[in-house]
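Take a look at the structure set out below.
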Amino acid sequence: MSDQTSAAGQIDPAAAPSGTGCVECEAAGGWWVHLRRCAACGHIGCCDDSPERHATAHWQATGHRFIQSFEPGEDWWWDYLEQASVEGPELAPPTSRPESQPSPGPEGRVPDDWREQVRARRR
């Protein structure tokens, strides 16, 4: 990642995650498939397979273009603007949701037909 990108305020390695789940889904009582972390501000949002796609909505609302997976064992990055995988610096811990938290999640709010709902969104 270039120095120009970081200098533009697009990445703040010190920004702590906003929580352990999607901020908007938690507030609305919703559910998610996977979680993504904004590299500029630490906002945790749900992925595009999730019903509400809050990570993408956060990018569209803020212009914060870089995200990193917030799933255990994953460290990949994505640039929404370029629609491409990128590399980025190590971000402040924690670097994923708790391993005890299921995916999809959160526990108790995921509908039994979640797989069908994901397939329907992909069509």
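Just one of the listed residues (12, 48) is among the charged types (D, E, K, R), under 10 Å from the mean Cα position of the chain (by Cα) and not in a helix (DSSP H, G or I), namely 48.
Only a single item in (1) surrounded by fewer than 13 Cβ atoms within 10 Å (Cβ to Cβ); (2) more than 18 Å from residue 25 (Cβ to Cβ); (3) not hydroxyl-bearing (Ser, Thr, Tyr) is not met by residue 112, and it is number (2).
Residue 70 passes every criterion in (1) more than 18 Å from residue 27 (Cα to Cα); (2) out of contact with any strand residue (DSSP E or B) (no Cβ under 8 Å at 6 or more places or on another chain); (3) modelled with pLDDT of 95 or more; (4) surrounded by 13 or more Cβ atoms within 10 Å (Cβ to Cβ) apart from (2).
For the range 73-117, a residue qualifies if it is of a type in the set (D, E, K, R), touching a Phe, Trp or Tyr at 6+ places or on another chain (Cβ under 7 Å) and more than 29 Å from residue 63 (Cβ to Cβ), and exactly one does: 109. Report whether or not residue 55 is modelled with pLDDT of 95 or more, among the aliphatic types (A, V, I, L, M) and surrounded by 13 or more Cβ atoms within 10 Å (Cβ to Cβ). Answer is yes for this residue. Can you tell me which residue is farthest from residue 11 (Cα to Cα) among those in the range 78-100 that are out of contact with any Lys or Arg (no Cβ under 9 Å at 6 or more places or on another chain) and surrounded by 15 or more Cβ atoms within 10 Å (Cβ to Cβ)? Residue satisfying both the conditions and the ranking: 97. When restricted to residues that are over 17 Å from the mean Cα position of the chain (by Cα), free of Cβ contacts under 8 Å to residues at least 40 places away in the same chain and not in a loop (DSSP other than H, G, I, E, B), the range 72-123 contains 4.
The values are calculated or read from the model by the stated rules, or taken from the named source; none is laboratory data. Computed from a predicted model, the values in this text were never measured in an experiment. Quick reminder, even Gly has a Cβ in these numbers, built from the backbone with ideal geometry, and neighbours come from all protein chains shown.
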